[in-house]
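Heads up, the thing below is written out as structure tokens.
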Amino acid sequence: MISWATPLLVLPGVGLLVMSTSARFARLHDELHHHMHVLNCSPETLERLLLRGRLFRNTLLALYGAAALLATSGLAGGLSLPEALSSALLGLGVSLMVVASLTLMRETTISLDIIEAEVRSTPFPEPGSAAHNH
């Protein structure tokens, strides 16, 4: 038997994921502008940054959906609606949290790919050169 409070106990975790993902999404916005206007980066890098943006959007949509389903599950339980309904809503909400987590894992991998590509394409001064000694 699922208590009406059970889905509500998960909501703070969803909230933390929303906050951290939103902060990362805002940081990506700044990074994208920096790459476009200051670094004049390659179209490939811009495409990867835009892909990250789409992944953040999809993650946030999944998290908002999870929050709605979890809150509705708690409400259904509180109104003594059939337990099957509350359980189904809870299961769907948790499933959306899993989707959001998997999407964030993909975004993290792409983010590291971008960093590695930038490091490989950055010319570093040779050891012993005047630029290296400063």
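The values are calculated or read from the model by the stated rules, or taken from the named source; none is laboratory data. Predicted model, so just to flag it, every value in this text is computed and none were measured. Cβ: placed from backbone, ideal geometry, glycine included. Neighbour counts: every protein chain shown. SASA here: full protein model, heavy atoms, side chains in, ligands and nucleic acids out. Shrake-Rupley method; radii C 1.70, N 1.55, O 1.52, S 1.80 Å.
Potential lengthening of the chain between residue 50 and residue 109 amounts to 19.8 nm, from the contour at 0.36 nm per residue minus the alpha-carbon distance. Taking a ≥ b ≥ c as the square roots of the eigenvalues of the Cα gyration tensor of the chain, is the shape rounded (a/c under 1.5), prolate (a/b larger than b/c) or oblate? Because a/c hits 1.5 or more and a/b exceeds b/c, the chain counts as prolate. Mind pulling the angle between the C-alpha long axis of helix 43-78 and the longest principal axis of the chain? Nearest 10 degrees, somewhere in 0 to 90. Taking Cα atoms only, the helix is inclined about 20 degrees.
When each of the peptides 118-128, 71-81 is scored by how many other beta carbons lie within 10 Å of its residues on average, the order from highest to lowest is 71-81, 118-128. Just to be sure I understand the curve: with the Debye formula and one point per C-alpha of segment 40-107, what is log10 I(q)/I(0) at q = 0.26, 0.27 Å⁻¹? These q points yield log10 I(q)/I(0) values of -0.97, -1.01.
Note on the chain: helix-only mean residue ellipticity at 222 nm, from DSSP H runs of 4+ residues weighted -39500 (n - 2.57) and normalised by residue number, equals -29000 deg cm²/dmol. With protein chains left intact and a 1.4 Å probe, residues in the chain average 63 Å² of accessible area per residue. In order along segment 26-37, the Karplus-derived 3J(HN,Hα) couplings, from 6.51 cos²θ - 1.76 cosθ + 1.60 at θ = phi - 60°, round to 5, 5, 4, 4, 4, 5, 5, 5, 4, 5, 6, 9 Hz, and Gly and Pro are given as x. Taking 0.36 nm per residue of separation and subtracting the Cα-Cα distance, full extension of the segment from residue 80 to residue 64 would add 3.3 nm.
Potential lengthening of the chain between residue 8 and residue 26 amounts to 3.7 nm, from the contour at 0.36 nm per residue minus the alpha-carbon distance.
Of all accessible surface on the chain at a 1.4 Å probe, what whole percent is carbon and sulfur? On the chain, the fraction of accessible area on carbon and sulfur atoms equals 69 percent. Radius of gyration (Cα atoms) of segment 10-58, expressed as a multiple of 2.2 N^0.38 Å: 1.35.
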